[in-house]
1. What helices (runs of 4 or more DSSP H) lie completely within segment 1-77 and have 2 or more residues being on the phi < 0 side of the Ramachandran plot, surrounded by 15 or more Cβ atoms within 10 Å (Cβ to Cβ) and under 17 Å from the mean Cα position of the chain (by Cα)?
2. What pairs come up if the first residue lies in segment 84-109 and is on the phi < 0 side of the Ramachandran plot, the second is part of a loop (DSSP other than H, G, I, E, B) and at pLDDT 95 or above, and their beta carbons are under 6 Å apart, counting only those six or more places apart or on different chains?
């Protein structure tokens, strides 16, 4: 498959999809259910989070065949930020800030240190 290994590709794709569900479960209620009691938001969020776990658990199992636990965690964090920024800006209407760039630069350092050989 060339430069990108199949476990990395499958893991990354599953984690991206998982993070879409996770982000909506964690933050979507702030926009969509702001007038609802917190326990309604929690129940709906738990329902959404089920789909996150149905993708995240196999992603980590597949990823663990090729990566160690620290590498999986940093991969997850990079994907989380990559999904969160467009969600925050496009869906939640938050301003695009340089802080996101600074956070990404810090994560690039984390990627370097955790994946170096």
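The values are calculated or read from the model by the stated rules, or taken from the named source; none is laboratory data. This one's a predicted model, so the numbers in the text were calculated from it and none came from an experiment. We place every Cβ from the backbone using ideal geometry, glycine too, and count neighbours over all the protein chains shown.
1. Details: elements: 6-23, 29-32, 38-63.
Passing ranges, in order: 6-23, 38-63.
2. Short answer, once both residue conditions are applied: 88/94; 89/96.
Table: residues versus (1) assigned to a helix (DSSP H, G or I); (2) farther than 18 Å from residue 15 by Cβ; (3) touching a helix residue (DSSP H, G or I) at 6+ places or on another chain (Cβ under 7 Å).
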{"position": "80", "(1), (2), (3)": "yes, no, yes"}
{"position": "87", "(1), (2), (3)": "yes, no, yes"}
{"position": "93", "(1), (2), (3)": "no, yes, no"}
{"position": "96", "(1), (2), (3)": "no, yes, yes"}
{"position": "99", "(1), (2), (3)": "yes, yes, no"}
